[in-house]
Amino acid sequence: MLEVKQISKVFHKNGVPFEALRDVNLEVHEREFVSIIGPSGCGKSTLFNIIAGILPPDGGSVMVQGKDVTGKTEACALMPQKDLLFPWRKVADNTILALQIAGMKKKEAREKVEPYFSIFGIDGTQELYPAQLSGGMRQRASLLRTVVQDRPVLLLDEPFGALDSMTRTELQDWLLDIWQKQKWTVILVTHDIKEAVYLSDRVYVMTPSPSRVQEVISIDLPRPRTPEITMTTEFVKYEARLKHAFGKKESSEEGNT
Ligand SMILES: Nc1ncnc2c1ncn2[C@@H]1O[C@H](COP(=O)(O)OP(=O)(O)O)[C@@H](O)[C@H]1O
Ligand SMILES: [Mg+2]
(Lines give C-alpha, C1' and ligand atoms only; values in the text may rest on other atoms or scores of the structure.)
(Ligands and ions follow the chains in the order given, each with its own letter.)
Protein backbone atom coordinates (compact mmCIF):
# COMPACT_ATOMS: atom_id res chain seq x y z
CA MET A 1 0.00 0.00 0.00
CA LEU A 2 2.70 2.47 1.06
CA GLU A 3 6.38 2.37 0.30
CA VAL A 4 8.77 4.99 1.63
CA LYS A 5 12.15 4.73 -0.05
CA GLN A 6 15.43 6.24 1.06
CA ILE A 7 13.93 9.43 2.46
CA SER A 8 16.43 12.04 3.59
CA LYS A 9 15.88 15.53 4.96
CA VAL A 10 18.27 18.28 6.02
CA PHE A 11 17.02 21.40 7.80
CA HIS A 12 18.98 24.59 8.20
CA LYS A 13 19.00 25.94 11.71
CA ASN A 14 20.53 29.42 11.79
CA GLY A 15 22.37 28.58 8.60
CA VAL A 16 23.79 25.38 10.07
CA PRO A 17 22.68 22.21 8.30
CA PHE A 18 20.92 19.69 10.52
CA GLU A 19 20.39 16.21 9.15
CA ALA A 20 17.00 15.07 10.43
CA LEU A 21 16.36 11.93 8.36
CA ARG A 22 18.85 9.67 6.61
CA ASP A 23 17.74 6.97 4.16
CA VAL A 24 14.50 6.08 5.90
CA ASN A 25 12.69 3.09 4.42
CA LEU A 26 9.25 1.98 5.42
CA GLU A 27 6.61 -0.33 4.05
CA VAL A 28 2.98 -0.65 5.05
CA HIS A 29 0.55 -3.20 3.70
CA GLU A 30 -3.14 -2.75 3.11
CA ARG A 31 -5.16 -2.78 6.37
CA GLU A 32 -2.00 -2.99 8.39
CA PHE A 33 -1.50 -1.10 11.65
CA VAL A 34 2.08 0.11 11.86
CA SER A 35 3.58 2.24 14.61
CA ILE A 36 6.67 4.40 14.52
CA ILE A 37 8.41 4.88 17.81
CA GLY A 38 11.45 7.01 18.48
CA PRO A 39 12.87 9.61 20.83
CA SER A 40 11.47 13.13 20.87
CA GLY A 41 12.99 15.27 18.10
CA CYS A 42 14.18 12.32 16.00
CA GLY A 43 12.09 13.37 13.01
CA LYS A 44 8.85 11.41 13.28
CA SER A 45 6.62 14.39 12.51
CA THR A 46 9.02 15.43 9.75
CA LEU A 47 8.69 11.98 8.20
CA PHE A 48 4.90 12.21 8.43
CA ASN A 49 4.89 15.62 6.76
CA ILE A 50 6.97 14.16 3.94
CA ILE A 51 4.71 11.11 3.56
CA ALA A 52 1.67 13.41 3.60
CA GLY A 53 3.22 15.45 0.79
CA ILE A 54 3.32 18.75 2.66
CA LEU A 55 7.11 18.82 3.05
CA PRO A 56 9.45 17.94 0.19
CA PRO A 57 12.23 15.46 1.01
CA ASP A 58 15.79 16.12 -0.09
CA GLY A 59 16.04 12.60 -1.41
CA GLY A 60 13.92 9.52 -1.77
CA SER A 61 10.34 8.86 -2.73
CA VAL A 62 6.91 8.02 -1.39
CA MET A 63 4.86 5.45 -3.29
CA VAL A 64 1.20 4.69 -2.60
CA GLN A 65 -0.50 1.84 -4.43
CA GLY A 66 2.41 1.75 -6.83
CA LYS A 67 2.21 5.44 -7.74
CA ASP A 68 4.87 8.01 -6.97
CA VAL A 69 3.15 10.54 -4.69
CA THR A 70 6.25 12.36 -3.42
CA GLY A 71 5.24 15.95 -2.70
CA LYS A 72 1.60 15.18 -3.43
CA THR A 73 -1.06 15.50 -0.77
CA GLU A 74 -3.87 13.37 -2.14
CA ALA A 75 -2.71 9.91 -1.05
CA CYS A 76 -2.48 10.22 2.72
CA ALA A 77 -4.59 11.91 5.37
CA LEU A 78 -2.59 13.35 8.25
CA MET A 79 -3.86 13.92 11.76
CA PRO A 80 -1.28 16.38 13.10
CA GLN A 81 0.35 16.10 16.51
CA LYS A 82 -1.45 19.13 17.91
CA ASP A 83 -5.23 19.08 18.12
CA LEU A 84 -5.98 21.79 15.61
CA LEU A 85 -9.74 22.14 15.92
CA PHE A 86 -10.62 25.80 15.44
CA PRO A 87 -12.30 27.08 18.61
CA TRP A 88 -14.62 29.41 16.70
CA ARG A 89 -15.99 26.72 14.39
CA LYS A 90 -18.64 24.25 15.48
CA VAL A 91 -17.44 20.65 15.75
CA ALA A 92 -19.19 19.61 12.52
CA ASP A 93 -17.74 22.61 10.70
CA ASN A 94 -14.30 21.62 11.95
CA THR A 95 -14.69 18.10 10.63
CA ILE A 96 -15.56 19.31 7.11
CA LEU A 97 -12.56 21.62 6.86
CA ALA A 98 -10.40 19.40 4.65
CA LEU A 99 -13.38 18.64 2.42
CA GLN A 100 -14.09 22.36 1.98
CA ILE A 101 -10.45 23.04 1.20
CA ALA A 102 -10.73 20.33 -1.45
CA GLY A 103 -13.59 22.33 -2.98
CA MET A 104 -16.66 20.56 -1.62
CA LYS A 105 -19.73 22.70 -0.88
CA LYS A 106 -20.58 23.12 2.81
CA LYS A 107 -23.97 21.43 2.59
CA GLU A 108 -22.60 18.43 0.76
CA ALA A 109 -19.66 18.17 3.16
CA ARG A 110 -21.97 18.30 6.19
CA GLU A 111 -24.04 15.48 4.70
CA LYS A 112 -20.92 13.45 4.10
CA VAL A 113 -19.59 13.76 7.68
CA GLU A 114 -22.96 13.29 9.38
CA PRO A 115 -23.05 9.44 9.47
CA TYR A 116 -19.54 9.34 10.94
CA PHE A 117 -20.64 11.10 14.12
CA SER A 118 -22.47 8.05 15.43
CA ILE A 119 -19.75 5.66 14.20
CA PHE A 120 -17.23 7.78 16.12
CA GLY A 121 -19.39 7.92 19.25
CA ILE A 122 -19.77 11.69 19.19
CA ASP A 123 -23.27 12.03 17.81
CA GLY A 124 -24.89 15.15 19.27
CA THR A 125 -21.69 17.20 19.32
CA GLN A 126 -22.13 18.53 15.77
CA GLU A 127 -23.44 21.95 16.79
CA LEU A 128 -21.18 22.34 19.84
CA TYR A 129 -17.86 24.18 19.95
CA PRO A 130 -14.59 22.30 20.62
CA ALA A 131 -14.25 23.85 24.09
CA GLN A 132 -17.50 22.14 25.09
CA LEU A 133 -16.02 18.69 24.39
CA SER A 134 -13.80 16.49 26.56
CA GLY A 135 -10.24 15.86 25.40
CA GLY A 136 -11.13 12.38 24.21
CA MET A 137 -14.09 13.64 22.19
CA ARG A 138 -11.96 16.34 20.61
CA GLN A 139 -9.50 13.67 19.47
CA ARG A 140 -12.33 11.64 17.98
CA ALA A 141 -13.50 14.74 16.10
CA SER A 142 -9.93 15.37 14.86
CA LEU A 143 -9.71 11.79 13.68
CA LEU A 144 -13.09 12.14 12.00
CA ARG A 145 -11.82 15.17 10.11
CA THR A 146 -8.85 13.09 8.95
CA VAL A 147 -10.85 10.02 7.97
CA VAL A 148 -13.57 11.74 5.89
CA GLN A 149 -10.94 12.63 3.32
CA ASP A 150 -11.19 9.02 2.09
CA ARG A 151 -7.45 8.58 1.58
CA PRO A 152 -5.87 5.14 1.30
CA VAL A 153 -3.48 5.77 4.21
CA LEU A 154 -4.09 7.41 7.61
CA LEU A 155 -1.16 9.05 9.40
CA LEU A 156 -1.81 9.63 13.09
CA ASP A 157 0.85 11.70 14.85
CA GLU A 158 0.74 10.96 18.59
CA PRO A 159 -3.08 11.14 18.68
CA PHE A 160 -3.30 10.22 22.37
CA GLY A 161 -0.18 12.02 23.58
CA ALA A 162 -1.97 14.77 25.46
CA LEU A 163 -4.68 12.66 27.09
CA ASP A 164 -4.88 11.38 30.66
CA SER A 165 -4.14 7.68 30.95
CA MET A 166 -7.73 6.53 31.40
CA THR A 167 -9.00 8.39 28.35
CA ARG A 168 -5.95 7.19 26.49
CA THR A 169 -6.67 3.52 27.23
CA GLU A 170 -10.31 4.00 26.29
CA LEU A 171 -9.41 5.63 22.98
CA GLN A 172 -6.84 2.95 22.15
CA ASP A 173 -9.52 0.27 22.45
CA TRP A 174 -11.90 2.40 20.48
CA LEU A 175 -9.34 2.93 17.72
CA LEU A 176 -8.55 -0.78 17.52
CA ASP A 177 -12.21 -1.58 17.16
CA ILE A 178 -12.95 1.06 14.53
CA TRP A 179 -9.73 0.28 12.61
CA GLN A 180 -10.79 -3.34 12.32
CA LYS A 181 -14.33 -2.50 11.24
CA GLN A 182 -13.43 0.25 8.80
CA LYS A 183 -10.46 -1.64 7.33
CA TRP A 184 -8.13 1.32 7.48
CA THR A 185 -4.42 1.30 6.75
CA VAL A 186 -2.84 3.17 9.66
CA ILE A 187 0.57 4.49 10.61
CA LEU A 188 0.72 5.85 14.12
CA VAL A 189 3.52 7.78 15.76
CA THR A 190 3.93 7.28 19.48
CA HIS A 191 6.61 7.37 22.12
CA ASP A 192 4.69 4.95 24.31
CA ILE A 193 6.08 1.41 24.05
CA LYS A 194 2.99 -0.26 25.51
CA GLU A 195 0.73 1.60 23.13
CA ALA A 196 2.88 0.55 20.16
CA VAL A 197 2.75 -3.13 21.17
CA TYR A 198 -0.96 -3.08 21.98
CA LEU A 199 -2.08 -1.50 18.72
CA SER A 200 0.35 -2.62 16.06
CA ASP A 201 1.06 -5.38 13.59
CA ARG A 202 4.58 -4.03 13.26
CA VAL A 203 6.64 -1.39 15.02
CA TYR A 204 9.40 0.70 13.43
CA VAL A 205 11.99 1.87 15.93
CA MET A 206 13.82 5.04 14.86
CA THR A 207 17.25 6.19 15.99
CA PRO A 208 18.05 9.72 17.20
CA SER A 209 18.96 12.21 14.45
CA PRO A 210 20.13 11.74 11.84
CA SER A 211 17.26 9.34 12.16
CA ARG A 212 17.19 5.98 10.47
CA VAL A 213 15.10 2.88 10.98
CA GLN A 214 16.91 0.93 13.65
CA GLU A 215 14.69 -2.09 13.87
CA VAL A 216 11.32 -3.38 12.69
CA ILE A 217 9.52 -5.62 15.13
CA SER A 218 6.50 -7.76 14.19
CA ILE A 219 3.92 -8.03 16.95
CA ASP A 220 2.43 -11.45 16.51
CA LEU A 221 -0.30 -11.18 19.12
CA PRO A 222 -3.81 -12.39 18.28
CA ARG A 223 -6.61 -10.01 17.40
CA PRO A 224 -9.04 -8.70 18.42
CA ARG A 225 -6.99 -7.48 21.36
CA THR A 226 -8.42 -6.53 24.71
CA PRO A 227 -6.68 -5.00 27.75
CA GLU A 228 -6.17 -8.47 29.28
CA ILE A 229 -3.55 -9.21 26.64
CA THR A 230 -1.22 -6.64 28.19
CA MET A 231 -0.80 -8.99 31.15
CA THR A 232 0.35 -11.98 29.09
CA THR A 233 3.98 -13.12 28.95
CA GLU A 234 4.05 -12.63 25.18
CA PHE A 235 3.00 -9.02 25.53
CA VAL A 236 5.54 -8.33 28.24
CA LYS A 237 8.25 -9.92 26.08
CA TYR A 238 7.46 -7.55 23.22
CA GLU A 239 7.55 -4.61 25.62
CA ALA A 240 10.95 -5.74 26.86
CA ARG A 241 12.22 -6.12 23.31
CA LEU A 242 11.17 -2.62 22.40
CA LYS A 243 12.63 -1.20 25.59
CA HIS A 244 15.85 -2.95 24.73
CA ALA A 245 15.83 -1.40 21.25
CA PHE A 246 15.40 1.99 22.91
CA GLY A 247 18.24 1.27 25.30
CA LYS A 248 20.57 0.45 22.43
CA LYS A 249 19.62 3.67 20.79
CA GLU A 250 20.29 5.76 23.88
CA SER A 251 23.70 4.20 24.40
CA SER A 252 24.62 4.74 20.74
CA GLU A 253 23.54 8.37 21.19
CA GLU A 254 25.84 8.72 24.18
CA GLY A 255 28.60 7.14 22.16
CA ASN A 256 28.21 9.85 19.53
CA THR A 257 28.37 12.80 21.87
N1 LIG B 1 10.99 23.45 9.58
C2 LIG B 1 12.05 23.11 10.32
N3 LIG B 1 13.18 23.84 10.30
C4 LIG B 1 14.27 23.49 11.01
N5 LIG B 1 14.31 22.42 11.82
C6 LIG B 1 13.21 21.65 11.92
C7 LIG B 1 12.02 21.95 11.17
N8 LIG B 1 11.08 21.00 11.46
C9 LIG B 1 11.67 20.16 12.34
N10 LIG B 1 12.94 20.54 12.60
C11 LIG B 1 13.89 19.84 13.47
O12 LIG B 1 13.97 18.50 13.06
C13 LIG B 1 14.03 17.63 14.19
C14 LIG B 1 12.92 16.63 14.13
O15 LIG B 1 11.68 17.28 14.43
P16 LIG B 1 10.30 16.48 14.51
O17 LIG B 1 10.09 15.81 13.19
O18 LIG B 1 9.25 17.41 14.96
O19 LIG B 1 10.62 15.39 15.62
P20 LIG B 1 9.65 14.38 16.41
O21 LIG B 1 8.31 14.47 15.79
O22 LIG B 1 10.29 13.04 16.27
O23 LIG B 1 9.64 14.82 17.84
C24 LIG B 1 14.01 18.52 15.42
O25 LIG B 1 15.33 18.73 15.85
C26 LIG B 1 13.40 19.80 14.92
O27 LIG B 1 13.88 20.92 15.65
MG1 LIG C 1 6.48 14.93 16.55
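Assorted remarks:
- Any hit, segment 70-82, residues being aliphatic (A, V, I, L, M), touching an Asp or Glu at 6+ places or on another chain (Cβ under 9 Å) and away from ligand 1 (no atom under 16 Å from the Cβ): yes
- Single unsatisfied condition, ALA196 versus (1) at pLDDT 95 or above; (2) out of contact with any Ser or Thr (no Cβ under 8 Å at 6 or more places or on another chain); (3) within 17 Å of ASP173 (Cα to Cα): (2)
- Residue match in segment 122-130 (condition: out of contact with any Leu (no Cβ under 6 Å at 6 or more places or on another chain) and within 16 Å of ligand 1 (Cβ to nearest atom)): no
- For GLN65, the test of being over 20 Å from the mean Cα position of the chain (by Cα) and either more than 14 Å from ligand 2 (Cβ to nearest atom) or more than 27 Å from GLY247 (Cα to Cα) (or both) is failed.
- Taken over segment 1-38, the residue count meeting the criterion of being surrounded by fewer than 14 Cβ atoms within 10 Å (Cβ to Cβ), among the hydrophobic types (A, V, I, L, M, F, W, C) and more than 23 Å from PHE246 (Cα to Cα) is 1.
- Among (1) away from ligand 2 (no atom under 16 Å from the Cβ); (2) at pLDDT 95 or above, the one test that GLY121 misses: (2)
- Check on GLU30, of a type in the set (D, E, K, R), within 16 Å of ligand 1 (Cβ to nearest atom) and touching a residue at least 40 places away in the same chain (Cβ under 8 Å): no
- Test: residue in segment 78-92 that is without any contact (Cβ under 8 Å) to a residue 12 or more places away in the chain, over 24 Å from PRO224 (Cα atoms) and in contact with a Ser or Thr (Cβ under 8 Å, 6 or more places away or on another chain): no
- When each of GLU108, GLU74 is tested for being acidic (Asp, Glu) and touching a Gly at 6+ places or on another chain (Cβ under 8 Å), the lone residue that passes is GLU74.
- Filter result for VAL189 (in the same structural domain as SER45 (by TED's automatic domain parsing), among the β-branched types (Val, Ile, Thr) and in contact with a Leu (Cβ under 9 Å, 6 or more places away or on another chain)): yes
- Restricted to segment 82-118, and to residues there that are within 16 Å of ligand 2 (Cβ to nearest atom) and closer than 13 Å to LEU143 by Cβ, the residue that is modelled with the highest pLDDT is LEU84.
- Put simply, of GLY60, GLY53 the only residue that is more than 16 Å from ligand 2 (Cβ to nearest atom), at pLDDT 95 or above and touching a strand residue (DSSP E or B) at 6+ places or on another chain (Cβ under 6 Å) is GLY60.
- Of all residues in segment 42-76, those that are over 16 Å from PRO210 (Cα atoms) and assigned to a strand (DSSP E or B) total 7.
- Residue match in segment 12-29 (condition: of a type in the set (D, E, K, R) and within 16 Å of ligand 2 (Cβ to nearest atom)): no
- Conditions (1) within 16 Å of ligand 2 (Cβ to nearest atom); (2) surrounded by 15 or more Cβ atoms within 10 Å (Cβ to Cβ); (3) among the small types (Gly, Ala, Ser): number failed by GLY41: (2)
- Considering residues of segment 7-29 that are polar (S, T, N, Q) and farther than 26 Å from ASP201 by Cβ only, the residue modelled with the highest pLDDT: SER8
The values are calculated or read from the model by the stated rules, or taken from the named source; none is laboratory data. Quick caveat, the model's predicted, so the values are computed rather than measured. With ideal geometry, Cβ positions are generated from the backbone for all residues, glycine too; neighbour counts draw on all protein chains shown.
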